[in-house]
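Report on one structure; see the data block that follows.
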Amino acid sequence: MIAALAASLGVNANDPTFWIPLVFMGLLFLLIIGGVVLDGFDIGVGMLLPVAPVDERGRMMALLSPWRDANEFWPLLGIGLFAAAFPLAWGVIFGKLYGPLALMAMGMMLRSVSFEFRIRARAELKSRWVFGFWLGSLATAFGQGLVLGRIATGYQTEAGYGWFSVVMGLCVVAAYVLLGAAWLVMRVDGDLQRRAARWGRHAIRWTAVGMVAASVMLGLANAGIFYKWSNPGGFATVAGVWAIMLLCFSCAEMLLARVPREESPYQWLPFVLCIVLYWLMLAGLGYSLFPYLILDDMTLWDGTASIESMRLVLSAAVVGVPVVLVFNLWAYRSVFGKERRG
């Protein structure tokens, strides 16, 4: 497949102008997965603050403290890497997504400021910064949903497509709430754990609706994607992915339903199932769009920087990525463990 793709572009598969953009897309995909999962539970917990008891809100924010700095790293590095490796595509895509991306940026900034200021604020002012953290989390998640909706519709701007993007924004909010609730189920015990299980069960249905809606829209809005899915090899792949996703949804729902009634050694499993679900969704999106950055308009190779610039960025990545991985593995070493009450 790769050799045939290279031949269609008139280059050899070993040519750096062919494989270096593929390497960057692989790195970008890993950063997106890291941002969705590792920054995602942070966003989800933030959006659950208003429905949590007042005396539990400080505890929930304190649970996030060990990973706050590491969580912010993923989306920023992903945006920087994309802009450096695909500057021609970045200009076009930013023009189509400036509203959602601006909303995401403001949400990320508000979350960071509110989290730090709450720690230092007087007791009577802490509730304001908790509200700011919730609002920033909501804006970040909704902005990402708008981005997904715009990509799924091929950046079409008619009114109906705009409303679809809004629906996708709400479904992505539910997806992050589910991830945050599953993380709390894994991390805490007692009343807060039981509440988190209920929150997760409410959110899981809207998460499933969003994933189905995004898939249907991708197929309906672009004939090329529909053909890729409907040919014999593609149909088998898509059917297998959806069978796995359905199994993950069913198992997560059953496990969350059992949390209030019995102690289980598998309370980490709903969180892991959410990771699998989101990985499969993003992998399916990548499979559907490949090799385009903008459907039917710009491929990976059309939007790249010069090969000399990409070599320089790749050299920096080869040096920097191992350091970043060590830092993050150390920071996330206890992300699956139970809370230690002091």
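The values are calculated or read from the model by the stated rules, or taken from the named source; none is laboratory data. Note that this is a predicted model, so its numbers are computed, not measured. Glycine gets a Cβ as well: all are built from the backbone with ideal geometry, and neighbour counts include every protein chain shown. All accessible areas refer to the heavy atoms of the entire protein, side chains included, with ligands and DNA or RNA removed. Shrake-Rupley method; radii C 1.70, N 1.55, O 1.52, S 1.80 Å.
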**Item:** Unmet requirement for S65, which otherwise passes all of (1) of a type in the set (S, T, N, Q); (2) exposed (fewer than 15 other Cβ atoms within 10 Å of the Cβ); (3) closer than 30 Å to S306 by Cα
**Value:** (3)
**Asked** Can you tell which of V173, V185 is open to solvent by 20 Å² or more (accessible area, probe 1.4 Å) and either touching an Asp or Glu at 6+ places or on another chain (Cβ under 6 Å) or modelled with pLDDT of 90 or more (or both)?
**Response** V173
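Among Y155, Y161, which is surrounded by fewer than 20 Cβ atoms within 10 Å (Cβ to Cβ) and touching a strand residue (DSSP E or B) at 6+ places or on another chain (Cβ under 8 Å)?
Details: Y161 fails: touching a strand residue (DSSP E or B) at 6+ places or on another chain (Cβ under 8 Å).
One residue alone meets the criteria, Y155.
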**Close pairs (6 angstrom Cβ cut-off, 6 or more residues apart or separate chains): farther than 19 Å from W279 by Cβ and of a type outside the set (V, I, T) in the stretch 17-29, open to solvent by less than 50 Å² (accessible area, probe 1.4 Å) and in a helix (DSSP H, G or I) anywhere** = F18/A6; F24/A85
**Item:** Residue in the stretch 98-114 that is more than 30 Å from D189 (Cα to Cα) and among the hydroxyl-bearing types (S, T, Y) present
**Value:** yes
**Request:** Would you mention how many residues in the stretch 211-258 are crowded, with 16+ Cβ neighbours inside 10 Å, over 21 Å from the mean Cα position of the chain (by Cα) and among the polar types (S, T, N, Q)?
**Result:** 1
**Prompt:** Among the residues of the stretch 284-294, is any open to solvent by less than 30 Å² (accessible area, probe 1.4 Å), at pLDDT below 85, of a type in the set (S, T, N, Q) and in contact with a helix residue (DSSP H, G or I) (Cβ under 7 Å, 6 or more places away or on another chain)?
**Reply:** no
**Prompt:** Would you call V172 within 27 Å of L269 (Cβ to Cβ), under 14 Å from the mean Cα position of the chain (by Cα) and without any contact (Cβ under 8 Å) to a residue 40 or more places away in the chain?
**Reply:** yes
